[in-house]
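The values are calculated or read from the model by the stated rules, or taken from the named source; none is laboratory data. Since this is a predicted model, take the numbers as computed values, not measurements. Because the Cβ atoms are built from the backbone with ideal geometry, glycine has one as well, and the counts that use them run over all protein chains shown.
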Amino acid sequence: MLHRLEFRFTIAALLALAGASLSGQAGPAVAQANGLRLVLSLDSSSLTFPFPARAAVHLVNSGTKPVWLYHRARATDVGAGLRPALTENPPAEGPMLAVHFAAAKGDSERGEGAVLEPTGLPHPHLVRLGPGEEYAEKEVIQVSPATESKDGKGAPIWGRYRLSVTYRAKYSNADEIARVTGVQFWQGEVASEAVEVELRPPAGTGSITGSVVGPDNQRVTNALTSLTDEEERLIGQERVDFDGRFAFSNLPLGSYWVVVEREPRKEQTAVFRRLTLTAESPAASFDFVLSPLEINEPKQMLHEPVVIRVTNPAGHPLADTSLEATWSSGEVMDSVKGKTDREGLATLELIPGPNFITLRRKGCPAGDQRVVVEGSGVVEGFNLVEECSKP
């Protein structure tokens, strides 16, 4: 297992509670494209700004053949106060999720919406959907109202809105993966029907502000700040501005957690702080210091999913073959295990770079093979040949 730096806050709890339900529920909205149905439902049909919508996105394979999905989907549109990360370009391929948020009386009055990212390292994985099977994913969607003037400086418009999402997937190497492994990734675009929600004005006047600097007191401009409530449910998210500063406003009195992470999130760098807003002190501020990456040894590092097909020399798939992948930096070692299914397929989450994979099959000697995971954020596939002649 990967040895990692322990943090005092519970990242797992943040991930699990990000989808915790509110009172009430909005009915599902369904759409279909290219054999994939998209169903969107909300935990509540009433939102008080700036609290987000908590949604469930269901992807259903309505076709006749198995398809594969790569998750989590990344946000394609930046809205609701989230500016693009300085270190990343908008995703050109892979799974993407866009939000459409418009006043119920017409698209001319559009608000903003953005899918928030779970705190901690992303955990992408591969999902196989057989015909009729479903994959569900919880999302936290931050929304902000349209304004009476087109420049965004007028009074906010509260009331009924329509919320929908679009799921897109594109893989430049999809044909190559299909050729090597036989796995077919779903590609295309499908949009849900709109769900109506009531957006209400803020009930709080508290604020939390701060800045992010390095140990040399120089501003950090590539950091993501996340705000959670006392129960560690994700409330809002902002990337720091060009001065390394962030701000959350319109907050009710109470206790909050602020989590700051360096981007891109390839290694664990999170720091956190609990802040309390009271009637006597409704505004809180804190300056975060991010340590250099090199002192965070040993590191928790981002794994990326790959699909591996194991065959014999004749090209026939080998089921029940055990795989153990080993990665090492010289200071940190990671070991991941898996087993092939009846189609000779296994999915592993590997650290980018050289990985040594040991194949074990009953009645055959163990054999080592080497694969190099590029780490480009795109699904990768490999075919490994087991030389043992045992059927």
Condition check for residue 367: over 30 Å from the mean Cα position of the chain (by Cα) and among the small types (Gly, Ala, Ser): yes
Within the range 66-84, considering residues that are modelled with pLDDT of 90 or more and not aromatic (Phe, Trp, Tyr), the one nearest to residue 170 (Cα to Cα): 69
Boolean, residue 139 is modelled with pLDDT of 90 or more, under 13 Å from the mean Cα position of the chain (by Cα) and crowded, with 20+ Cβ neighbours inside 10 Å: yes
Tabulated pairs, the range 178-194, first of a type in the set (Asp, Glu), second assigned to a strand (DSSP E or B), C-beta under 7 angstrom, 6+ apart or interchain: 189/33; 189/166; 189/168; 193/29; 193/30; 193/31; 193/164
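Would you confirm whether or not the range 293-302 contains a residue that is under 30 Å from residue 347 (Cβ atoms), among the charged types (D, E, K, R) and surrounded by 14 or more Cβ atoms within 10 Å (Cβ to Cβ)? Break it down into steps so the answer makes sense when it comes.
First, the residues of the range 293-302 that are under 30 Å from residue 347 (Cβ atoms): 293, 296-302.
Subsequent filtering for residues that are among the charged types (D, E, K, R) retains 297, 299.
Checking which are surrounded by 14 or more Cβ atoms within 10 Å (Cβ to Cβ) leaves us with 299.
Looking for residues that are under 30 Å from residue 347 (Cβ atoms), among the charged types (D, E, K, R) and surrounded by 14 or more Cβ atoms within 10 Å (Cβ to Cβ), one finds at least one in the range 293-302, hence yes.
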The range 174-216, residues that are β-branched (Val, Ile, Thr), closer than 18 Å to residue 158 by Cα and buried (at least 17 other Cβ atoms within 10 Å of the Cβ): 195, 197
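Conditions tested, residue by residue: (1) assigned by TED's automatic domain parsing to the domain that holds residue 118; (2) in contact (Cβ under 8 Å) with a residue 12 or more places away in the chain; (3) in contact with a Lys or Arg (Cβ under 9 Å, 6 or more places away or on another chain); (4) over 23 Å from residue 53 (Cβ atoms).
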| residue | (1), (2), (3), (4) |
| --- | --- |
| 219 | no, yes, yes, yes |
| 222 | no, yes, yes, yes |
| 229 | no, yes, no, no |
| 240 | no, yes, yes, yes |
| 250 | no, yes, no, no |
| 254 | no, yes, no, no |
| 265 | no, yes, no, yes |
| 273 | no, yes, no, yes |
| 283 | no, yes, no, yes |
Hey, residue 322 over 30 Å from residue 369 (Cβ atoms) and either buried (at least 16 other Cβ atoms within 10 Å of the Cβ) or small (Gly, Ala, Ser) (or both) or not: no
Extreme residue, nearest to residue 160 (Cα to Cα), among residues of the range 189-209 that are in contact with a Ser or Thr (Cβ under 6 Å, 6 or more places away or on another chain) and of a type outside the set (Asp, Glu): 197
Candidate set from the range 324-345 (those that are touching a residue at least 60 places away in the same chain (Cβ under 8 Å) and within 28 Å of the chain's Cα centre (by Cα)); member that is farthest from residue 363 (Cα to Cα): 332
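Matching residues to (1) among the β-branched types (Val, Ile, Thr); (2) not in a loop (DSSP other than H, G, I, E, B):
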position	(1), (2)
96	no, yes
105	no, no
136	no, yes
143	yes, yes
Residue ID - farthest from residue 102 (Cα to Cα), chosen from residues in the range 153-167 that are modelled with pLDDT of 90 or more and part of a loop (DSSP other than H, G, I, E, B): 155
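Filter the range 245-264 down to the residues that are buried (at least 19 other Cβ atoms within 10 Å of the Cβ) and within 28 Å of residue 303 (Cα to Cα) and list them by number.
Listed by number, the residues that qualify are 257, 258, 259, 260, 261, 262.
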Test: residue in the range 344-356 that is modelled with pLDDT under 95, among the acidic types (Asp, Glu) and either surrounded by 14 or more Cβ atoms within 10 Å (Cβ to Cβ) or under 27 Å from residue 117 (Cα atoms) (or both): yes
Condition check for residue 60: in contact with a Lys or Arg (Cβ under 7 Å, 6 or more places away or on another chain), closer than 30 Å to residue 219 by Cβ, crowded, with 17+ Cβ neighbours inside 10 Å and modelled with pLDDT of 90 or more: no
